[in-house]
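Written out below as structure tokens is the structure these notes cover.
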Amino acid sequence: MRQEAWWQDAVFYQVYVRSFADSDGDGVGDLEGIHSRLGYLELLGVDALWLTPFYRSPMADHGYDIADPRDVDPMFGTLGDFDVLLTEAHKRGIKVTVDVVPNHTSNQHAWFKSAMAAAPGSPERDRYIFRDGVGPTGEDPPNNWVSAFGGPAWTRVPDGQWYLHLFAPQQPDLNWANPEVAADLERTLRFWLERGVDGFRIDVAHGMAKPPGLPDMDPRADALGPSHYYDPRWDNDGVHEIHQMIRKVLDEFPDAMAVGEIWVTDEERLSRYLRPDELHLAFNFRLVLTHFDADAMRTAIERSLTVPAKVGAPATWTLGNHDVWRQVSRYGGGETGVRRARAMALVELALPGTVYLYNGEELGLANVELAPADMADPRAKTSGAEFGRDVSRVPLPWEGDLPPFGFSRNPRTWLPMPAEWAGLTVEKQIEDADSTLSLYRQAIELRKTHPAFGGDELEWYGAPAGCFAFRRRGGGLVCALNTSASPIALPPGEVLLSSSPLVDGKLPADSAAWLI
Ligand code: GLC
């Protein structure tokens, strides 16, 4: 039996805090900026926010390198600002969830500083993963693991030992075999739960546990994503104990939830994280990994639905986040990319379960081409500009005709904003019934209020090549997608919403429609 909980069919909105709204003019978004734009989020109709890390950090990975997980970085505001944001969001009926990063800390965290000052074999070093190197003088790293950002996953310290970092060298991995590490995460969870947060997004939730002996990986394994090759860096069985610990804490707080960032696509392995004493939700990245093709999308949806079916958890859907290309660009860019992204928004919002939107997708934003000198992402530095994630992290355009479009009063935003966004500001789109923002608003509103969205199961219709149509078995909503090059006849029914205008009653190419 599935629990009836607020998050099970919620629309979450990911706020990339650096890029949402800047209140103090330093060119970087902050908590007060989010507070000032809550009216917008209410209009958009989202149920909950996921705020990316705003904790004390030297920002080597823009906040995913945390120096103190129980304080706000001055760049983003104060704990008082956080409390105000939380209270005001709650007044508007919007839940607030925050990121936690249990796999690693910053190298500026007090623990890592004391580990560096202490001797090999000391309790200070045991909170991280320090090892001697191999070779006559220990000059080679302890194993062949590579970092998700490229290059070796080990860095050598002056006394000759090496420490492990699955991400940047400024993000040393914690040793989860050390009980102090779990105790500290528990403190962090309670700290934010007691302040009133509604839940957490758990960063790299398939990391943390490391296998005994740290065996070599198959060098053919991908850097971060799921792989067919032997890759002992991720998804070790020991990770489940950690999720059980997290769940025990959450269960003391009524209605609190956690979603895990788990780059595991094998349905059986993924569903283990959703057992009743572990996570409530797991991100499902299949739609992100699938190109704009009806057959491929149908397979991705069907496979995604097998995960919740195994364990009785809600499905989750996401098309974009701060780590991947914006969907407009993934689907080919330009007008076609926008049409396809609008179509996929209707597909996603028609599906049963929880939806995660990424800020800016409701404006139809595409990747921004940045000069290598403007790139700030550590992955661009180690793996090459083409792997830089800045392209999908550019600050949001709110109003006016010129950058920074009301994001900040400072024209020097942390990433430059393109002048071409003048037509895509919230101000321009909000009154335009055909805008992407209006499409999202209508879709979210219908999803929330229309009885056709009931039921968890889908029934698939026969459809012409390049198209699909499914029906929500409980409520009866029909969603049709056309990824072919020509218009197709729609299934019978009354059209509730379409991602582009119908042509002679037909659904044009690169479009989706809802019918009842
Ligand atoms: C997650 C975050 C990503 C970050 C990494 C390391 O994948 O989403 O932005 O770089 O973890 O914390």
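Does the chain come out rounded, prolate or oblate by the C-alpha gyration tensor, with a ≥ b ≥ c the root eigenvalues, rounded set by a/c under 1.5 and, if not, prolate when a/b is larger than b/c and oblate if not?
prolate
Could you line up 257, 344, 375 from fewest to most neighbouring Cβ atoms inside 10 Å?
Listing 257, 344, 375 from fewest to most nearby Cβ atoms yields 375, 257, 344.
Rounded to the nearest Å, what's the spacing between the alpha carbon centres of segment 485-509 and segment 216-281? Just the number, please.
Here the answer is 40 Å between Cα centres.
Between residue 506 and residue 180, with labels modelled 7 Å along Cα→Cβ, what's the label distance in nm to one decimal, could you check?
6.9
So for segment 1-125: antiparallel DSSP bridges make up what percent, rounded to the nearest 5?
Expressed as a percentage, antiparallel bridges in segment 1-125 total about 20.
So what's the back-of-envelope 222 nm ellipticity for the chain, counting only DSSP H runs of four-plus at -39500 (n - 2.57) apiece and dividing by all residues, rounded to 500?
Details: 14 runs with 138 residues, N = 516.
Only helices count here, giving -8000 deg cm²/dmol.
If you average the C-alpha positions of segment 368-436 and of segment 337-367 separately, how far apart do those two centres end up, in angstrom?
Taking the Cα centre of segment 337-367 as reference, the centre of segment 368-436 is 18 Å away.
Of the listed pairs 91/248; 113/248; 95/448; 91/448, which have alpha-carbon separations greater than 26 Å here?
91/248; 113/248
Can you sort 166, 287 from fewest to most other Cβ atoms within 10 Å of each residue's own Cβ? It would help to have the intermediate numbers written out before the result.
Working: 166 24, 287 20.
Starting with the residue having the fewest Cβ neighbours, the order is 287, 166.
Can you give the % of DSSP beta bridges in the chain that are antiparallel, to the nearest 5? Intermediate results must be reported in sequence, preceding the final value.
Details: 30 of 55 bridges.
Here the share of antiparallel DSSP bridges comes out near 55 percent.
Can you tell me, using C-alpha contacts under 8 Å and at least 6 residues apart, the relative contact order of the chain as a whole percent?
So the answer I get is 13 percent.
Counting other beta carbons within 10 Å of each Cβ, put 228, 206 in order, fewest first.
The order, fewest Cβ neighbours first, is 228, 206.
Do you know the relative contact order of segment 284-361, to the nearest whole percent, from alpha carbon pairs under 8 angstrom that are 6+ apart? Please list the in-between numbers first.
Working: 82 pairs, mean separation 25.5, N = 78.
Worked out over segment 284-361, it gives 33 percent.
Could you pull out the trypsin sites (Lys or Arg not before Pro) across segment 132-237 that fall in loop regions by DSSP (anything but H, G, I, E, B) with no more than 13 other Cβ atoms inside 10 Å?
Hits after loop and neighbour filter: 220.
No value in this document is a laboratory result; all are computed from the given coordinates. For clarity, every value in this text was computed on a predicted model and none was experimentally measured. Counting neighbours? That spans all protein chains shown, and the Cβs are built from the backbone with ideal geometry, glycine included.
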